[in-house]
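Beneath this line is the structure, given in structure tokens, with notes to follow.
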Amino acid sequence: FLASQGMDGVTAKEMAVFPGMELMSALFYVEEFHKSNSYDVVIIDTAPTADTLRLLSFPDIASWYFDHLFHMVRNVLKIARVTIGRMVSTPLPSDKFLEDLENLRERLRYVRDLLTDPEITSVRLVVNPEKMVITETQRAYTYLCMYGYTVESLVINRIIPEGLSDVYFDGKLKEQKEHLDTIESIFAPLKTFKASLMPREVLGGRSLESLALQLFGDDDPTQVYSVESPMRVYEEDGASVFAIKMPFVMDQKLELYTRKDVLTLQLGAFKKSIVLPYALTNKEILGADLDGPWLKVRFEGEEIGRKKGRKRGRGRKAPRKAH
């Protein structure tokens, strides 16, 4: 299309790259590794929190646009081909182009399901015993849960060894002990591993073996310590509860709203749209609150629905929506 408008070939190819294509390419490597079945374990060492969240949230964001725009664009193109398409020379997207888009959509769904399945994929967070790093790790843990990823353990890295004789480290060691106690208390019951600050940069096989021995000892490094999903649906006190793990909301603004069968959750700058299970579709929301690390959204359950039905049957006014 761009070439047909007079743009040179190289520029047309550059302009044709959609925003987010680099993220999509990275995710498709994950799909390729899984389908090839060539590896026992695939380890992804991700970028800092913000970039990692952009990567992991991309399948959800892309799926939203596909679900809301793809069918509309396809129908508009069908009409355009038999109307203005016969009168203008500008080429319209072909059926092959639409098939490729549909293929991208399905591949992103596959990757999303792969990464959010706790039996297949889990996340290990790395934290240093420093105040700012601890706070950032708390936020990362919460955002990952919000997007449906299972965090199963925590690595405490760069711990200054005890017993240093230089008084220069006395204050630092005291501060470190306080931070280590904080990490142990606020992240419990996550499994934790500890690694000391190494005397040299960790490079090469021997350094990696030494680090692995500190972290895992004789244990299997691939052992998974939790397959708990960060999202649950269950019945409680006559209501249906949709629970989302939100361990550290802290001082961030938390917003929650629904539209038809979609529950939208926004925490700070990050937003997650969740397609509700069929059993909760079109159910009235009774309220939502934080119960420990869980955000519990209460929907009208079967028992409450039957009670309301009986009241309506006796001619009484239906209860108002609870807040």
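The values are calculated or read from the model by the stated rules, or taken from the named source; none is laboratory data. All figures in this text were calculated on a predicted structure; none of them were measured in a lab. Every residue, glycine as well, gets a Cβ built from its backbone with ideal geometry; the counts of neighbours run over all protein chains shown.
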Considering 248, 270, 242, which residue is within 21 Å of residue 141 (Cα to Cα), surrounded by 12 or more Cβ atoms within 10 Å (Cβ to Cβ), touching a Phe, Trp or Tyr at 6+ places or on another chain (Cβ under 8 Å) and modelled with pLDDT under 90?
-> 270
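Taking the residues in segment 40-59 that are outside any helix (DSSP H, G or I) and surrounded by 10 or more Cβ atoms within 10 Å (Cβ to Cβ) as candidates, determine which candidate is modelled with the highest pLDDT.
42
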Does segment 1-9 contain any residue that is part of a loop (DSSP other than H, G, I, E, B), at pLDDT 55 or above and over 22 Å from residue 126 (Cβ atoms)?
-> yes
If you take the residues of segment 25-39 that are within 23 Å of residue 271 (Cα to Cα) and within 16 Å of the chain's Cα centre (by Cα), which of them is surrounded by the fewest Cβ atoms within 10 Å (Cβ to Cβ)?
-> 26
Would you mind telling me which numbered condition in (1) surrounded by 12 or more Cβ atoms within 10 Å (Cβ to Cβ); (2) assigned by TED's automatic domain parsing to the domain that holds residue 154; (3) closer than 28 Å to residue 117 by Cα residue 211 fails?
-> (3)
Out of (1) modelled with pLDDT of 80 or more; (2) touching a helix residue (DSSP H, G or I) at 6+ places or on another chain (Cβ under 9 Å), what's the single condition that is false for residue 67?
-> (1)
Hey, residue 32 in a helix (DSSP H, G or I), over 27 Å from residue 272 (Cβ atoms) and modelled with pLDDT of 75 or more or not | no
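Each row is one residue, and each column tells you yes or no for (1) more than 30 Å from residue 40 (Cβ to Cβ); (2) in the same structural domain as residue 290 (by TED's automatic domain parsing); (3) over 14 Å from the mean Cα position of the chain (by Cα).
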{"position": "100", "(1), (2), (3)": "yes, no, yes"}
{"position": "109", "(1), (2), (3)": "no, no, no"}
{"position": "130", "(1), (2), (3)": "yes, no, yes"}
{"position": "142", "(1), (2), (3)": "yes, no, no"}
{"position": "154", "(1), (2), (3)": "no, no, yes"}
{"position": "162", "(1), (2), (3)": "yes, no, yes"}
{"position": "175", "(1), (2), (3)": "yes, no, yes"}
{"position": "184", "(1), (2), (3)": "yes, no, yes"}
Within the set of pairs 6+ apart or on separate chains, which have a first residue in segment 60-73 that is within 24 Å of residue 146 (Cβ to Cβ) and part of a helix (DSSP H, G or I), a second that is modelled with pLDDT of 75 or more and of a type in the set (A, V, I, L, M), and C-beta atoms under 6 Å apart?
-> 62/108
Mind telling me which of the residues 277, 221 ends up being in contact with a Phe, Trp or Tyr (Cβ under 8 Å, 6 or more places away or on another chain) and either closer than 28 Å to residue 49 by Cα or in contact (Cβ under 8 Å) with a residue 40 or more places away in the chain (or both)?
-> 277
